[in-house]
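Please read the structure below before turning to the comments.
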Amino acid sequence: MSVTNVVTGGPVVLYLSSVIPDRNLLEQQVKALAERGYRPISCRDSTALLQLAQSRGRHMGSVCIAWLGGALSDICAAAVRLRMLCPQVGILMQADYSDAAMLQALHSGGDQLCPRDASFELLAASLQSLQRRLMQVPMLPELRQRADWALTQEGWALVAPNGQSFALTTTERSFICCLLHHPDRRASHHELLSAIAGVQGEIEDPPSALLINRLGVLVSRMRRKFNRGDAVLPVRSVHNWGYMFAANCELRD
């Protein structure tokens, strides 16, 4: 039996169907969560989860938690977007556990990281701990739907939601276009450096610390440029891997 959003009231838990590979175990844990008063809602992918989180947020005082599982790089990318677009949503991540994984999860905006083979008792305790913290956060006024960004003039201009248009240099254009044309709008350091260089294969993989630092300098300059135009560039670092464009962006001619 598939457990869906049939329980009224209680904290909402949005989860990916990939959170636990064992379908029977996932079904058991989702059912157990529902029995404890949670409202588990299955999402087919991170995009669907983000859309639902944006529409739910914290509604009428209820808590919303995203339960992410799967490949660490994928759930970290999802966490970056969630943290930026849905700051009041709690993020519980489940993946192979290590110090490096914990650092990457926290840098990506996650609140807690559980081992992939965590017991239900640990999972439930982690959700309860996160729920207690979220209940203490003052409720914010409902925000109006944010407008999307737009890449125009064949990639030479990036238009912010406030309508401000920013002309891009050749290097900035290569960087932004690389992000926006990759799945989930994220790309590795090597992919970004190769796009900027213009010829695939000329950049060593993995890139040197010096080259990665140059990317960081480029991003910092772009952020300052957009800040001067009263816009916050939604480019976020994916810890020890690359960058992502953590907002919706329409590609126009």
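The values are calculated or read from the model by the stated rules, or taken from the named source; none is laboratory data. Note that this is a predicted model, so its numbers are computed, not measured. Because the Cβ atoms are built from the backbone with ideal geometry, glycine has one as well, and the counts that use them run over all protein chains shown. These area figures cover heavy atoms from the full protein model, side chains too; ligands, DNA and RNA do not enter into them. Shrake-Rupley method; radii C 1.70, N 1.55, O 1.52, S 1.80 Å.
The figures follow:
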quantity: Within the chain: Cβ-based charge dipole about Cα centre, in debye rounded to nearest 20 (Lys, Arg +1; Asp, Glu -1); calculated: 920 debye
quantity: Long-range HN-HN contacts of residue 238 with modeled amide H, under 5 Å; calculated: 243, 244
quantity: Potential extension, residue 221-residue 97 segment - 0.36 nm per residue separation minus Cα distance; calculated: 41.2 nm
quantity: Segment 65-82 residues near the modelled residue 88 label - backbone nitrogen below 17 Å, point 7 Å along Cα→Cβ; calculated: 65-66, 82
quantity: FRET efficiency, 1/(1 + (r/R0)^6) with R0 51 Å, evaluated for residue 119 and residue 153 via beta carbons; calculated: 0.40
quantity: Inter-probe distance in nm under a simple model that places probes 7 Å from Cα toward Cβ, at residue 35 and residue 165; calculated: 6.0 nm
quantity: Between segment 226-240 and segment 10-54, the Cα center-to-center distance that results, in Å; calculated: 31 Å
quantity: Within the accessible area of the chain (1.4 Å probe), percent carbon and sulfur; calculated: 51 percent
